[in-house]
Structure formats: C-alpha cells, structure tokens
C-alpha cells in the first residue's frame, strides 16, 4: 500500500487507524481501489480485512479513459463488490 501511495508508512498508519477504531467500538470498513497493478492481491486484501476484524471491505476498479491522442484522460471507478467480513 505504501508503494501504491508513494509515501512510506501509509500502510502502517492505515492499519493503526483501523485498530484504534475497532478498539473504541467503531464500525470500521476497509476500502481498496483495484487496478492492473494490484488486482493479483485481492485475496490478500480480503484476508487482511478478516484478520483485522473489520466489519466490511469494499473494492472498486479504476478504468482510465484515453483520448484519441493516446494520453490518459479522466478516470472513473466502478464498484466491484462489497463484502461483510465480521458479523
């Protein structure tokens, strides 16, 4: 996750926030945006969500629109699935 965000420590900070939220009794969800760079990690994401004890996880896909010149244009997201993880 830190490599995807381009800043060291992002994954550690996110997991710390998840655990702190759960510790105080909040309803905590995890959210990931899937792309060709991380689609092969979907099972790992789901396992991480279960192990963390979050209540649900959500995945979205990113589709990059290209204009006629071949340059990347705007991107849009589409919900892939949401899954209740913890009852």
Quiz prompt | Selection within segment 39-59 - touching a strand residue (DSSP E or B) at 6+ places or on another chain (Cβ under 6 Å) and within 19 Å of residue 10 (Cβ to Cβ) | solution = 45, 49, 54, 57, 58, 59
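Residue-wise test of (1) out of contact with any strand residue (DSSP E or B) (no Cβ under 9 Å at 6 or more places or on another chain); (2) at pLDDT 85 or above; (3) part of a strand (DSSP E or B); (4) surrounded by 14 or more Cβ atoms within 10 Å (Cβ to Cβ).
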position: 11; (1), (2), (3), (4): yes, yes, no, yes
position: 16; (1), (2), (3), (4): yes, yes, no, no
position: 21; (1), (2), (3), (4): yes, yes, no, yes
position: 25; (1), (2), (3), (4): yes, yes, no, no
position: 37; (1), (2), (3), (4): yes, no, no, no
position: 61; (1), (2), (3), (4): no, no, yes, yes
position: 74; (1), (2), (3), (4): no, no, yes, no
position: 81; (1), (2), (3), (4): no, no, yes, no
position: 87; (1), (2), (3), (4): yes, no, no, no
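The values are calculated or read from the model by the stated rules, or taken from the named source; none is laboratory data. Computed from a predicted structure; not experimentally measured. FYI the Cβ positions are ideal-geometry reconstructions off the backbone, even for glycines, and counts take in every protein chain you see.
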